[in-house]
Each structure stands twice: as structure tokens, then as C-alpha cells.
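Here the structure comes first, spelled out in C-alpha cells, and everything after it is commentary.
The values are calculated or read from the model by the stated rules, or taken from the named source; none is laboratory data. None of the values given here were measured: they were computed from a predicted structure. Every residue, glycine among them, receives a Cβ derived from its backbone with ideal geometry; neighbour counts consider all protein chains shown.
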């Protein structure tokens, strides 16, 4: 491979531009192929379905991105969804006869969010105080939460919830934008601002680049890492609550396969698995690519197994492209 320094200034600028925004071209290419194969992929119903599916991946991806930037990983986000969904739904159902529908729903949402915060706190404490690798800590937590999701309601879905939940969760604006989609994009915007324009974001990047230097700068890195894990789990809990609104049930299997997709959305979007680098716009595009792949393959009648194959190939290619980009950056 030619050294980037051998390129002319114009070619060098073009190379850097493509290396930074190639993911947008990948998204357009994939979507264009689906439109050619099935013109209905350009319809509003398909777009609405894709945005609804993207809601879950985007919220989880935003949260886990903070962890990945610190060179960590959070494998518990999917099980958080399931456990929180069951816990929040049980709270709502049990309180409806006591306090009425509005207060019961509010209480269920609060309980769900608090559950996420506590789980994130535990993950952070295990990593910082017990000195376990994030992979091991969150893997263990994911197993605990998976079991807990079944224990809460004897392995059954929580049904019999107020019908107003589904009405609120499936409202459509402009014919294709759902309520949960608006929530997801709002979360993306808020945490994008936090990551890019606040001291918290600066410390997150600094820790991922060099934990020792960050600690020597007077930053309480343990406290910061705990907050990062709390963000990841709290947003996973929010996603679990939104699933209750969408499907009017609390299911222990909710989020069973979404952990991979959420982490993939970050990696595909350019967040480095080595830490210290990543952009929120990249996670948005990564989530869009995965959502287009899933809904597009469903539209074409392709078996769901191929969705995972396609996602895995894109992850491998994305990490390889990231390594090439970093290698050339130091040449």
C-alpha cells in the first residue's frame, strides 16, 4: 500500500475525506441496492418500519458508545432491556387498581429508569473496585439479568397493561415518524452535545486515550467510569420502557439479540474499540445501516440468519478500515 504522504495535496485531502465519511457511502450503497431489488423499500411504510426498528439500536448504541470510547464494553445492555421491561410492566399493572392509569404508568417508567441506574452503578463498581475487566463484569451481569427477567414473572410476558400505552407508543407524526423515534433522536442529540461540548465528554475521550495521564491530571477516573456505565444501563432501561409502550407487554426476552447490533452500530460508525475516538453521527449512521439491512432483508424475504451474517461482515470490514485509518494517520 502506498504511503499517504506520497499523495499530492489534492489526493491526500480526498483520501482523508473518504476515510472519514466512507460510512455514509456504505449506507447509500446498501439502501440503493435494496431499492433496485425491491422498489417498495423507497416507500413511507418501509421508512417507518426502519425508523421504528432503529429506535432500539440507536438508544442502546448511544449509551454503549460512551463505554466503548473508554476502551471498555457493556454486554449487559440487552438483558437490561428485558429485566427492566418486566419490572416496569409489573409495577404498572399492579398499581393501576390502586392509583389509576396515569400514575401507574409514571411509576412504572420511574422504576424502570431507576433499575437501569442501579445496574449501571453495579457494573461500574465491579469494574472499578473489584478490578474486573468490563467484558467479564458485564457478561456476568448479563447472565444475572437474563435469569432475573424470567424470575420476576415466572418466565412469562407481562400482559394486561393499559391500552393507552400502545396508543402513546405507536402514534405517528407526518405519517411515518413514531413517538419512540422522536424519543430516540432526542436522546441522540442530547448525548451528542454532552459528548462533544462538555467537560464530561472531554474526560471520556481522555480516559479512553490514556487512563494513566487522565488520573495524573487530577480526575477521579473511577467515579467517571461508574458514570459512564450508568449512562449505558440507564439508556438501555429507557429502551426497555419504550418497548413496553410499543408492544403493550413486558417480555423477558426483549433485547435478547440486540446487544450485538448496538455495539456494532458504534463500531461501524467509527468508534474505536481501542478507545479515545468516536463520533455520535457515526453511531447514528451505523444504527441506520443495521436497520436498513434488517428491514430490507425482511422485505426481500431473506431468512433472518443472513441479517447476522451481513452485520458481522460489516463489523469486520469497519474495524479493518478503522485500523487502516489509524495506521495512515501516523505515517
Name every residue in the range 193-204 that is crowded, with 19+ Cβ neighbours inside 10 Å and either within 17 Å of the chain's Cα centre (by Cα) or within 20 Å of residue 284 (Cα to Cα) (or both), in order of residue number. 195, 204
In the set 114, 132, the lone residue that is surrounded by 15 or more Cβ atoms within 10 Å (Cβ to Cβ) and out of contact with any helix residue (DSSP H, G or I) (no Cβ under 6 Å at 6 or more places or on another chain) is 114
Considering only residues that are assigned to a loop (DSSP other than H, G, I, E, B) and either surrounded by fewer than 24 Cβ atoms within 10 Å (Cβ to Cβ) or at positive phi (or both), which ones fall in the range 52-73? 71, 73
For the range 196-210, which positions are part of a helix (DSSP H, G or I) and in contact (Cβ under 8 Å) with a residue 12 or more places away in the chain? 196, 200, 203, 204, 205, 206, 207, 208, 209
Tell me, which residue of the range 97-106 that is in contact with a helix residue (DSSP H, G or I) (Cβ under 8 Å, 6 or more places away or on another chain) and surrounded by fewer than 18 Cβ atoms within 10 Å (Cβ to Cβ) is nearest to residue 157 (Cα to Cα)? 101
Per the filter on the range 294-319, residues in contact with a helix residue (DSSP H, G or I) (Cβ under 9 Å, 6 or more places away or on another chain), surrounded by fewer than 13 Cβ atoms within 10 Å (Cβ to Cβ) and under 14 Å from residue 260 (Cα atoms) are 312
Given the conditions (1) surrounded by fewer than 17 Cβ atoms within 10 Å (Cβ to Cβ); (2) not in a helix (DSSP H, G or I), which single one is not true for residue 143? (2)
Collect the residues in the range 243-302 that are assigned to a loop (DSSP other than H, G, I, E, B), over 21 Å from residue 89 (Cα atoms) and under 17 Å from the mean Cα position of the chain (by Cα), keeping them in residue-number order. 269, 270, 271, 272, 273, 275, 277, 278, 279
Out of all the residues in the range 3-24, is one or more modelled with pLDDT of 70 or more and closer than 26 Å to residue 236 by Cβ? yes
Restricting to the range 183-195, give me the number of residues that are touching a helix residue (DSSP H, G or I) at 6+ places or on another chain (Cβ under 9 Å) and either over 22 Å from residue 224 (Cβ atoms) or outside any helix (DSSP H, G or I) (or both). 4
